[in-house]
Amino acid sequence: MIADLHCHSYCSDGELAPADVVARAVARGVRLLALTDHDNTDGVAEAQAAASAAGIDFVAGVEISCRWEGHDIHIVGLRVDPDSPVLVAGLAGQHEARRERGRQIAARLARAGAAGCWERACQLAGTDRPGRPHFARAIVEAGQARDIEHAFNRFLKQGQVAYVPTPWASIEDAVGWIRGAGGVAVVAHPSRYKLTRSKLKRLLVQFAAAGGQALEVQLPRQQPNQVQSLMLMGNQLGLAGSVASDFHGGHMPWAELGAAGELLPGIRPVWELF
Ligand code: MN
Ligand code: MN
Ligand code: MN
């Protein structure tokens, strides 16, 4: 069975409407889907309705930005109750942090020669709390970068002029909100943080102690040795494994829905916890 438990709609920084994400997942053979927009669950009702109509399994999800030892770490919540007061309150705090970070990014971009990015990024986001991919598109449109990747490398990445550290939630907060909403907490894309093996292990131990239950082991473009290493670490710590495309839209073809493939044997599927 092809599962894909991490993707984005235009309710955060994805390109497509929630129902269109579902339709595309169905066309790609996905049978179990979670919509996990950044710090909001605005799209899950629409996605749930589309998934029911198409006859595939769907779980409501969210991807929560966290700050841990100087790194931006993402924690995915799966099968959360979107109306849970503890989750709703936690996400409201994240929105304020994202709004303030956006204003600071825009100010830095203006000083670096890319003017008007705040207005454009808000327009692209459809809210006053744009994410970095919205800024990246605004930068490209302003002629300050060749493409999205170049915009990140030149301006937005950690170490670059428009990188702004944000007071995101702690790991314990994010896991608490997810568990409080009846969900399963999952460490998103562990290889992307470029942590040493021992530091990643420390993160996972702390995450598990806080009540976290799984990590993403399979992603598109993930090397077999990375999958093996994550599988081993997860198994040692009693964490289940998840499958995640991190789909944002057709403009990032390497992260297509369902592209992470079927979960390999030897990994305890996270959906056994649902
Ligand atoms: Mn994103
Ligand atoms: Mn992420
Ligand atoms: Mn994501």
**Prompt:** Got a sec to turn the phi values of region 212-229 into Karplus ³J(HN,Hα) couplings, 6.51 cos²θ - 1.76 cosθ + 1.60 with θ = phi - 60°, whole Hz, x for Gly and Pro?
**Reply:** x, 10, 7, 9, 7, 9, 10, 9, x, 6, 6, 5, x, 5, 5, 4, 4, 5
**Asked** When only Cα pairs under 8 Å and 6 or more residues apart are kept, what is the percent relative contact order across the chain?
**Response** 21
**Item:** Sequence-distant residues sharing a close amide H with Leu5 (under 5 Å, placed H)
**Value:** Ala34, Val243, Ala244, Ser245
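Order of Glu46, Glu96 from fewest to most other C-beta atoms within 10 Å? Display every interim value, and only then the final one.
Values: Glu46 18, Glu96 11.
Sorted ascending by nearby Cβ count, the order is Glu96, Glu46.
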**Complete:** Summing -39500 (n - 2.57) over every DSSP H run of at least 4 residues in the chain and dividing by its residue count gives a helix-only mean residue ellipticity at 222 nm, to the nearest 500 deg cm²/dmol, of -12000 deg cm²/dmol
**Request:** Using every pair of alpha-carbon atoms in region 154-244, split the distances into 5 Å bins beginning at 0 and state the percent of pairs per bin, rounded to integers.
**Result:** 3, 13, 21, 22, 17, 14, 8, 2, 0
**Message:** Need one number: convex hull volume per residue for the chain, Cα atoms only, in Å³.
**Reply:** 113
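Fully extended, how many nm does the chain gain between Gln228 and His251 (0.36 nm per residue separation, minus their Cα-Cα distance)?
Numbers: separation 23, 0.36 × 23 = 8.28 nm, distance 2.89 nm.
Separation in residues times 0.36 nm, less the Cα-Cα distance, equals 5.4 nm.
Neighbour counts of other C-beta atoms within 10 Å: give me Met231, Met1 arranged from fewest to most. Could you put the intermediate results ahead of the total?
On the way: Met231 19, Met1 12.
Sorted ascending by nearby Cβ count, the order is Met1, Met231.
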**Request:** Arrange the following residues from fewest to most other Cβ atoms within 10 Å of their Cβ: Val227, Val184.
**Result:** Val227, Val184
**Prompt:** Can you give me the relative contact order of region 179-274 as a percent, contacts being Cα pairs under 8 Å and 6 or more apart?
**Reply:** 28
**Message:** Under 18 Å between alpha carbons, and skipping anything fewer than 8 positions from Lys194 in its own chain: which aspartates and glutamates qualify?
**Reply:** Glu69, Asp72, Glu149, Glu216, Asp246
**Complete:** Here the relative contact order (percent) of region 110-263, from C-alpha pairs under 8 Å and at least 6 apart, is 14
**Asked** Given the C-alpha centroids of region 14-85 and region 110-174, what is the distance between them in whole angstrom?
**Response** 22
**Request:** Considering only Val86, Val30, Val187, give the residue with the highest GNM mean-square fluctuation for the chain, with springs between Cα atoms whenever their separation is below 10 Å.
**Result:** Val86
**Message:** Cut-off 10 angstrom, C-alpha nodes, Gaussian network model of the chain. Which of Ala214, Ala92, Ala51 fluctuates the most?
**Reply:** Ala92
**Asked** Helix 197-209 versus the longest principal axis of the chain: what is the Cα-based angle in degrees, 0 to 90, to the nearest 10?
**Response** 70
**Message:** Out of all DSSP beta bridges in the chain, what portion is antiparallel? Express it as a percent rounded to 5.
**Reply:** 45
**Message:** Using Cα springs under 10 Å in a Gaussian network model of the chain, which residue among Val161, Val26, Val88 shows the largest mean-square fluctuation?
**Reply:** Val161
**Item:** Estimated FRET transfer efficiency when R0 is 22 angstrom, pair Thr196-Val161 (beta carbons, to 0.05)
**Value:** 0.25
**Request:** For region 217-274, compute Rh as the Kirkwood radius over C-alpha pairs and then the Stokes-Einstein diffusion coefficient at 25 °C and 0.890 mPa s; write the answer in µm²/s, rounded to an integer.
**Result:** 205
**Prompt:** In nanometres, what is the gap between the two model label sites at Met1 and Ala110, each 7 Å from Cα along Cα-to-Cβ?
**Reply:** 5.1
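Here, each number is a calculation from the coordinates, and none is a lab measurement. This structure is a prediction, so every number in the text was calculated from the model and none was measured. All Cβ positions, glycine included, derive from the backbone under ideal geometry; neighbour counts span all protein chains shown.
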